[in-house]
Each structure stands twice: as structure tokens, then as C-alpha cells.
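Some notes on the structure that comes next.
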Amino acid sequence: MTAAALTARRAGSLSGRVRAPGDKSISHRALILGALATGVTEVEGLLEGEDVKRTAAAMASFGAGVERLGPSETGGGRWRVEGRGGFAEPVDVVDCGNAGTGVRLIMGAAAGFDLAVTFTGDNSLRGRPMNRVLKPLGEMGATWIARSNGRLPLTLKGGNLKPLAYRLPEPSAQVKSAVLLAGLSAAGGAEVIEPEPTRDHTERMLRAFGAQVDVTEEGSGRRIVLAGGQKLTGTRVRVPGDPSSAAFPLVAALITPGSEVTVEGVLLNALRIGLLDTLGEMGADLAVTNVRDEGGETVADVTARYSQLEGVEVPPERAPAMIDEYPILAVAAAFAKGRTVMRGIGELRVKESDRIALMVEGLKSCGVEVEDGPDFMIVTGAAAVRGGARVTTHGDHRIAMSHLVLGLAAEQPVTVDEPGMIATSFPGFVALMRGLGGDIAEEQPAAA
Ligand code: S3P
């Protein structure tokens, strides 16, 4: 996806009330479970980002009826999925675009059926590790042919799976979900042991679709047991606002003097709010109001006011609850007094890009002191951040949004290349930030 490079520049304070786009994790799952279920699922507030649209197209290719009914009052779309109680074989390659969540969850779901399915994705996704999903699926009896190191494109053949009890080697909700979705069709089900709890949307949503999922605490982790051969029944899903997207306007307000921004309807699932906890520890003026239950998840309005932040040491065990938020935390840390130490974040190196490497490169080019190692990043903040750089995002949406937010508060403008990729998770980002008073514009060509 290409689009003109964007430049963010400082232009006074930010203020207003906005709604975060629908949660990406929940949107993918609503479409996939809707397609696996029997009957109709109506999804309210589906995130209409590129990643989720790929999953919608994939579900149609597996035989589900997938239709956009119209816009949702709370943003995003109203979608109808008519599930056929299982997957049929797609006649073409399933292209998941940029979406790691999409491809890994769909591989798990597809492995439950006697089908041969070829998966691919964009440049970034074709470089990401799929072995973490193929390993447990293989132990259940699925087979595949893939590029070296289990990279996409790959063809997966499933069906007639054996039950599996799998201990996650890395804290990954995507791997957990893939095993559970495969186990749904396996006669003996599946069990996942996670040493550190990861986002639990799959477990919650399986229950909403009528499945029995038993979760027990085990030390600091969890054991999740799904009996096999369970049938899902279509239901209604209301998608809450994505805390990972809300993070961008909230941090922008925290680092831009005089700002006050409220993001409404933000998902506050305990396994997703590590960033809010960390910002609170940094001294952020955050207020959580209007806390309510929406479709089995806690949501609330979150207000951020400009704050003089202080560096902190982020507890490594918090990483799964804020894994996608480290890039924007690093931006907040650049404006904080002292050092912010982020350890136990090696997983960031295998996201849409190597997010540690790109944040280090981007922040350094903006004059920020930052150091890194295999699984850590340390940012030393300052009252003023220079900016004045053109940042390479390698097509990573969160790297692009993080540096644009930095540019809104830095002394000199910051330009990001490939901003088109922002649409994978936050299609209205630029308009939303402009609505709050942010100055984000297409890069002006250099004078000849
Ligand atoms: C997701 C899990 C996380 C996260 C991703 C969404 C999910 O990935 O980074 O954006 O919806 O399950 P991992 O499971 O690989 O940590």
C-alpha cells in the first residue's frame, strides 16, 4: 500500500472527545467464530481496517456468508456472518495481507478440517515466524509444506486431529488461540498452559458462542481446557474500542502541553491495559470514567491531560498486557524525566517489523537517547525532543503512528514514509488526530 509520506508538526494543544476504532483482536475473532458457528452472527462496530477486511474475505472463501450491513453508530461497521458450522475448502490462496493475528488464528481454525489450504500474506507477513503455530498443529496431526523456517506461503492440511495439551513456549495469544480453535474440531479437544496470561478474547468469545471453556489459575499463569467436538451457535458481538489504538491520541495529549483528550468506549480488559498502568506510574493524569459492561467486556471513557512524565522500570511480566504499546510508550518515555526501562520485550522483534530496531532508529534520528539489546529498550527522556527527521517505518502501522505522535510534540517536524499501512489497524487515524487539533499533513516536496 502506498500513500504520500506524512509530516506531523507541533501546533498547540490537543483537545476533544473521540472514539477509538473497534478492537482488532476482537474483530478478527468475531468473524472467525461467526464463520465456524452455525447460524447468524451480527457484529456491531467491527474494525474496518485492512487486516480485518482480509479476515472477512478469508471467511467468505471458507464458505461463510459475509456481508456488510452498513455503518455502525459507534463507528466501524455492522456486519453479518452466516456460519455453516465448519469450513469448506477455498478455491484460491488465502491472502491475509499484513495480519499475523488473521493468518495464525485462521490456520488454527482451518486445521480442524480435512482441507488443503494455501496461505500467504504481504512482504512483512511472509517474513514472520509461523513455526510457533505449525509446531502445535503438527503435534495434533496437521501437515504442511512451507518455505524454509515455516514461512509463508504455506499449504496446510488438517482434519482428524488428536487432542493436545500444549505449554506455550512464548507468551502469545495468537498461538493459544490457534490451538484452541483447532481443538474445537478435534474429537478430544485441546488444552493450553500459558506461563504468563495473554489476552483472553478467544476464551471469552468461545463462551459467548456457546462453547464450554474451563480456565484455572496455575501459579502466575493459566490452564485453558476446551472439550472437543463442541458446536458454536451464531450470536451478537459488540466490538469495544481498541486500547492499542486509543493509546495514540492519549499519549499525544500527555506529551503536548495544554492538552486534554477523551477517548470513549475503550476496552479495559485487564490483559490489555498494561500501558495505562505504566503511564499512571509515570505520573500521567489519566481519568477513567463511565465504566460499563459491553458484551462481556469492560469498557470506559479515558481522559488524558498533559502531564510531566517520569521514567519508570516497566515490570517485564506486564509485557503481554501491553505488547503492542511499547512503541508509543517509547515516545511517551522520550518526553519523560529520566530513564524508562523496558525489559522482557523480545517478542517485539517478530511483530509487523522488528519494533525495537525501528523505534531505536527512529528515536535516535529525532535526537532521543535510546539503547537496546535482544529483549530490552531503554529510553532516556528530556523536557524537549528535537524531532526533525524522516523516519522509515518498514510498512509498520504502529511505528508510523508512534512517530507522528512524537512529531506533534517535538521541536521540529517529523515525517514518516509508508503511512498507508496505518489503515491496517486505524483507518481514521489522521482525520481523528486532525480533529483534535494535530497538524498532520502530506509531506511537502523539498524546494528545488
Ligand atoms: C494478538 C496478539 C498479540 C498482538 C497482536 C494481536 C491477538 O500477538 O501483538 O497484535 O489478537 O491475539 P502475539 O500473540 O503474537 O503476542
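Read the figures in this text as sums done on the coordinates, not as results from a lab. All values reported here derive from a predicted model rather than from experimental measurement. For neighbour counting, all protein chains shown are included, and Cβ atoms are generated from backbone atoms with ideal geometry for every residue, glycine included.
Observations, loosely collected:
- Rounded FRET efficiency, nearest 0.05, which uses the C-beta distance separating T118 from R167 and R0 of 30 Å: 0.55
- Nearest-0.05 FRET efficiency for E73 and V40, computed from C-beta distance (R0 22 Å): 0.65
- Shown here for the stretch 384-448: GluC sites (Glu not before Pro) in loop regions (DSSP other than H, G, I, E, B) with at most 15 other Cβ atoms within 10 Å, namely E411, E443.
- Cross-link pairs K24/K135; K176/K337; K53/K351 - those with Cα-Cα distance over 30 Å: K176/K337
- What you get for the chain, charging only the Cβ of Lys and Arg (+1) and of Asp and Glu (-1), is a dipole of about 640 debye around the Cα centre.
- Separation between Cα centres of the stretch 316-369 and the stretch 132-205, rounded to whole Å: 28 Å
- Most tightly packed first, judged by the mean number of other beta-carbon atoms within 10 Å of their residues, the peptides 428-436, 176-184 read 176-184, 428-436.
- Residue-wise HN-Hα coupling along the stretch 265-282, computed from phi with Karplus coefficients 6.51, -1.76, 1.60 (Hz; x: Gly, Pro): x, 7, 4, 10, 3, 4, 8, 10, 10, x, 5, 4, 4, 5, 4, x, 5, 7
- For the stretch 1-140, the average shadow cast by the Cα convex hull is 10.9 nm², which is a quarter of the hull's surface.
- When the trypsin sites (Lys or Arg not before Pro) in the stretch 204-283 are filtered for DSSP coil states and for at most 16 other beta-carbon atoms within 10 Å of their beta-carbon, the remaining sites are K231.
- Dipole axis of the chain (+1 Lys, Arg; -1 Asp, Glu on Cβ), positive-most option in T74, L180, V368: L180
- Cα coordinate range in the stretch 24-238, projected on the principal axes (Å, largest first): 42, 37, 28
- Among V391, V40, V91, V103, sorting on how many other beta-carbon atoms sit within 10 Å of each Cβ, with the fewest leading, yields V91, V40, V391, V103.
- If only the Cβ of Lys and Arg carry +1 and only the Cβ of Asp and Glu carry -1, the dipole of the stretch 24-238 around its Cα centre is close to 200 debye.
- DSSP-defined beta bridges in the chain - what % are antiparallel, rounded to 5: 75 percent
- Relative contact order (%) - the chain, alpha-carbon pairs under 8 angstrom, separation at least six: 19 percent
- Residue-by-residue Karplus 3J(HN,Hα) for the stretch 17-24, coefficients 6.51, -1.76, 1.60, Hz, glycine and proline x: 10, 9, 10, 6, x, x, 5, 5
- Sequentially through the stretch 286-297, phi angles give Karplus couplings (6.51, -1.76, 1.60; θ = phi - 60°) of 10, 10, 10, 10, 6, 5, 8, 9, 10, x, x, 10 Hz, Gly and Pro residues having no value and appearing as x.
- Equivalent ellipsoid semi-axes - Cα gyration tensor, the chain, angstrom: 36, 22, 21
- Scattering profile of the stretch 321-448 at q = 0.10, 0.11, 0.19 Å⁻¹ [log10 I(q)/I(0), Debye over alpha-carbon scatterers]: -0.29, -0.35, -1.05
- Each listed q (0.16, 0.22, 0.23 Å⁻¹) maps to a log10 I(q)/I(0) for the stretch 94-187, found by the Debye formula over equal Cα scatterers with no solvent: -0.54, -1.05, -1.15.
- Residues of the stretch 18-62 with an amide N closer than 14 Å to a point placed 7 Å from the Cα of R80 along the Cα-to-Cβ direction: 39-44.
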